[in-house]
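Peer 1: Provided herewith is a single structure, encoded as structure tokens, for subsequent inquiry.
Where a number appears in this text, it was derived from the coordinates with a stated rule and is not lab data. Here the structure is a predicted model, which is why all the values come from computation and not from measurement. Cβ atoms come from the backbone with ideal geometry, glycine included; neighbour counts cover every protein chain shown.
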Amino acid sequence: MCYVRAYLRASTDEQDANRARDQLKAFAAARGLTIVAWYTENESGAKLARPELFRLLADGCDGDILLVEQVDRLSRLTSGDWEKLKAEINARHIRVVALDLPTSWMMAAKADEFTSRMFEAINGMLLDMLAAVARKDYDDRRRRQAQGQAKAKAEGLYKGRAEDVERNAGIASMLAAGQSWSSIQAATGCSRATIAKIAKRAA
């Protein structure tokens, strides 16, 4: 029996990784599929080491579906890292279905062996293409950002990203009150790395 496992990712703590949840639910419901587990994290798609993504792969069984809103939620990886991730996915015979890749939708439907193999081949090629486009978009944005910062620094205008002093003070207060990191994360929407940094500062 195959299961649908939904993956939600956002790059920063300020973005909502759960934003696409309703779209994925609607897609699955329209095809008579049930999402059995959600895997949500705030990590860069340019990073291969993503705990929730690899937890999904570890939980997955032969024929399970990895459902994602867009291919760039799954990968903004370099070519080498994308090949490593694909190898992990293929080794577990997990099918990738992305809402922005209509050819992948056939992977969520029952089909004869010939049709399945044809769509696997087409889907694999288009996944590679979209993953490459996502990486180029990431590199282009990083380059433009670096150019903007360099210009601002040259003009004496760049001061770096401002700290959210009010939020961080609240986190420090919650830590001092003995609240768990999980409850603080749920209340503030920040990452565990942010909590760890504030905890270290207060130590």
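Peer 1: Please give the FRET efficiency for Arg167 paired with Ala109, using the beta carbon to beta carbon distance and R0 = 35 Å, rounded to the nearest 0.05.
Peer 2: 0.20
Peer 1: Kindly put Tyr7, Tyr138 in sequence by how many other C-beta atoms sit within 10 Å of each C-beta, fewest to most.
Peer 2: Ranking Tyr7, Tyr138 by Cβ neighbours within 10 Å, fewest first, gives Tyr138, Tyr7.
Peer 1: Magnitude of the Cβ-charge dipole of the chain, K/R +1 and D/E -1, about the Cα centre, nearest 20 debye?
Peer 2: Approximately 640 debye in magnitude.
Peer 1: Still on this structure, please answer the following. Using the beta-carbon distance between Met125 and Gln147 and R0 = 25 Å, what value does 1/(1 + (r/R0)^6) give for FRET efficiency, to the nearest 0.05?
Peer 2: 0.15
Peer 1: I've got another one for you. Over the Cα atoms, compute the radius of gyration (one decimal) and Dmax (the largest Cα-Cα distance, rounded to a whole number) for the range 85-144, in Å.
Peer 2: Answer for the range 85-144, Rg first and Dmax second: 13.7, 47 Å.
Peer 1: Quick check: residue separation of Glu155 and Val36 times 0.36 nm, minus the Cα distance between them. What number comes out in nm?
Peer 2: Here the segment from Glu155 to Val36 would lengthen by 37.5 nm.
Peer 1: Could you list Met125, Met118 in order of exposure, starting from the residue whose Cβ has the fewest other Cβ atoms within 10 Å?
Peer 2: Met125, Met118
Peer 1: For the range 49-203, restrict the atom set to alpha-carbon positions and state the Rg and Dmax in Å.
Peer 2: Expressed in Å, the Cα Rg and Dmax of the range 49-203 come to 21.2, 64.
Peer 1: Something else about it: Looking at the range 4-135 from every direction and averaging, what is the projected area of its Cα convex hull in nm²?
Peer 2: Mean orientational projected area (the range 4-135, Cα hull): 7.3 nm².
Peer 1: Follow-up question, since we're still on this one. Computed FRET efficiency, Cβ-Cβ of Arg117 and Gln15, R0 35 Å: what is it to the nearest 0.05?
Peer 2: E(calc), rounded to 0.05, equals 0.40.
Peer 1: Also, I was wondering about something else. Once a ≥ b ≥ c are taken as the square roots of the eigenvalues of the Cα gyration tensor of the range 1-64, is the result rounded (a/c under 1.5), prolate (a/b larger than b/c) or oblate (a/b not larger than b/c)?
Peer 2: It comes out oblate by the Cα gyration axes.
Peer 1: Another question, if that's okay. Of Lys25/Lys47; Lys84/Lys200; Lys47/Lys153; Lys47/Lys151; Lys86/Lys151, which ones are farther than 30 Å apart at the Cα?
Peer 2: Beyond 30 Å between Cα atoms: Lys84/Lys200; Lys86/Lys151.
Peer 1: Only loop residues by DSSP count here, and only those with at most 12 other Cβ atoms within 10 Å; note down the GluC sites (Glu not before Pro) in the range 137-195 that meet that.
Peer 2: Sparse-neighbourhood loop GluC sites (Glu not before Pro): Glu155, Glu163.
Peer 1: Post the alpha-carbon centroid distance, the range 135-199 to the range 13-77, in whole angstrom.
Peer 2: Spelled out, the Cα-based centre of one part sits 24 Å from the other.
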